[in-house]
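The values are calculated or read from the model by the stated rules, or taken from the named source; none is laboratory data. The structure presented is a predicted model; accordingly, all values stated were derived computationally and were not measured. Note that each Cβ is placed from the backbone with ideal geometry, even for glycine, and that neighbours are counted across all protein chains shown. Each accessible area value is taken on the protein alone, full model and side chains, heavy atoms only, with ligands, DNA and RNA left out. Shrake-Rupley method; radii C 1.70, N 1.55, O 1.52, S 1.80 Å.
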Amino acid sequence: MKSYKNKVAAITGAASGIGRALAVDLAKRKCNLALSDVDEKGLAETVQMVSAAGVRVTSRTLDVADRKAMHAWADEVVHDHGKVNLIFNNAGVALGGTVEDTGYEDYEWILGVNMWGVVQGTKAFLPYIKQAGEEGHVINISSVFGLFAQPTQSGYNMSKFAVRGFTESLRQELDIESCGVSATCVHPGGIKTNIARNARMTKSMENLTGTASAENMRDSFEALFMTTAEQAAKVILSAVSANKRRVLIGPDARVLDMMQRTLPVIYQKVVTASFKLASR
Ligand code: NAI
């Protein structure tokens, strides 16, 4: 992607955090925007934030887990903008709890948003991105937890490992086709957004992490977040320009990635030891 100017980018989860920062950054680069989120109020705020940039902006309330609605949105974006060149499958949620304590409904919820949302966003937009006949890109947001597993994160890990496998397979298919469309998988470390605030957490989180309450836990997660959403957006857009396959965001992501590469199995012992220490 040599230039974002006059392109059309669709972004899910654009009402907050990384999705909003991507919208703001892309608008500055004169990229037209199609924004969506379940949060109508936050979405309207993002639209307001990019309104002075002089680009065309459309928005829609959308649950990425809703397959029909996702395909209808892709049709609508092309109808409204005449084309689409990029899809950022960014919407995501977090879930904390042990496997024993996490119900099927919670697993279905997180997979619906984090995994099916990405699959559906890719399948709905990819034919249109190819049809545009210009440089195009699918950007799927996984996590460092798509590379590295943690206790209490089975649902999140499962969804983000799935995004990685799906995107790496897609990238290879697109490379073979040489169709001008590419794909990047993004693995952020802790980013200062609302993700922890909006997370579902079960009681087992408190027991296993030795934290007094869910509120304290959210605070301690947020204290570990090192990178701003604006910095994350910049890294993502540079990586797409450079057609990278994988992008890590933040020093924490790089450390965990290194640990997983050098100790691909034993890293789990290091993690469990640190959990045991913290819960004493
Ligand atoms: P955020 O909570 O600030 O933003 C996520 C957005 O997704 C919100 O606007 C929310 O309303 C929206 N959303 C939630 N469920 C949705 C649904 N069913 N349909 C449509 N929209 C929905 O969080 P953040 O951090 O900006 O998250 C963006 C992506 O980055 C997510 O995929 C997340 O898993 C990923 N990520 C975030 C990290 C962090 O530390 N903040 C670390 C690694 C990955």
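If R0 equals 41 Å, the separation of the Cβ atoms of residue 71 and residue 242 corresponds to a calculated FRET efficiency of about 0.85. Largest accessible area first, the residues 235, 138 order themselves as 235, 138 under a 1.4 Å probe with ligands, DNA and RNA left out. Straight-line cross-link reach from residue 276 at under 20 Å between alpha-carbon atoms covers these aspartates and glutamates, not counting any fewer than eight positions away in the same chain: 100, 101, 206, 219.
Using R₀ = 51 Å, calculate the FRET efficiency as 1/(1 + (r/R₀)^6) where r is the Cβ-Cβ separation of residue 263 and residue 80; round to 0.05. Before the final figure, lay out the partial values.
Values: r = 49 Å, r/R0 = 0.96.
FRET efficiency, residue 263 to residue 80: 0.55.
Near residue 34, the amide H atoms lying under 5 Å from its own belong to 9, 10, 11, 58; only residues 5 or more places off or on other chains count, and H is placed 1.01 Å from N. For residue 81, the accessible area of its heavy atoms, probed at 1.4 Å with every protein chain present, is near 30 square angstrom. Each stretch of four or more DSSP H residues adds -39500 (n - 2.57); spread over every residue of the chain, this sum gives -15500 deg cm²/dmol at 222 nm.
Could you state the number of Å between the C-alpha centres of the stretch 97-112 and the stretch 5-74? Comparing the Cα centres of the stretch 5-74 and the stretch 97-112, I get a distance of 28 Å. Accessible area per residue was computed with a 1.4 Å probe on protein heavy atoms; residue 226 scores about 100 Å².
Structure note, pairs 68/203; 5/130; 2/68; 2/123: Cα-Cα distances above 26 angstrom occur for 68/203; 2/68.
Determine the share of the stretch 8-279's accessible area contributed by carbon and sulfur atoms, expressed in whole percent, with a 1.4 angstrom probe. Can you show the working numbers first?
Numbers: 6860 of 12320 Å².
The nonpolar share, carbon plus sulfur, comes to 56 percent.
Computed 3J(HN,Hα) for the stretch 217-228, one whole-Hz value per residue from the Karplus formula 6.51 cos²θ - 1.76 cosθ + 1.60 where θ = phi - 60°, is 5, 4, 4, 6, 4, 5, 5, 7, 5, 9, 10, 7, glycine and proline marked x. Across 83, 28, 68, 160, the residue with the most accessible area heads the list, and the full order at a 1.4 Å probe is 68, 28, 83, 160. Hey, what angle do you get for helix 251-262 against the long axis of the chain, alpha-carbon based, 0 to 90 degrees rounded to 10? For 251-262 against the chain, the angle is about 70 degrees. Would you mind getting me the FRET efficiency between residue 226 and residue 44? Use the beta-carbon distance for r and R0 = 25 Å, nearest 0.05. Efficiency for this residue pair is about 0.25. Using a simple spin-label model with pseudo-atoms 7 Å out from Cα toward Cβ, residue 51 and residue 207 lie 5.0 nm apart.
Looking at the chain, the pairs of alpha carbons with a distance over 30 Å make up 27% of the total.
Can you give the extra length, in nm with one decimal, that the chain gains between residue 150 and residue 131 once fully stretched, where that is 0.36 nm per residue apart less the Cα-Cα distance? The partial results should precede the final answer.
Values: separation 19, 0.36 × 19 = 6.84 nm, distance 4.04 nm.
This chain segment gains 2.8 nm when fully extended.
Per residue, the accessible area of the chain comes to 47 Å² when a 1.4 Å probe rolls over the protein heavy atoms.
Among 121, 189, 133, the largest mean-square fluctuation in a Gaussian network model of the chain, built with springs joining Cα atoms closer than 10 Å, belongs to 133.
Fully extending the segment from residue 175 to residue 100 would add 22.9 nm, taking 0.36 nm per residue of separation and subtracting the current Cα-Cα distance. Largest mean-square fluctuation among 62, 174, 43, in a Gaussian network model of the chain whose springs join Cα atoms under 10 Å apart, belongs to 174.
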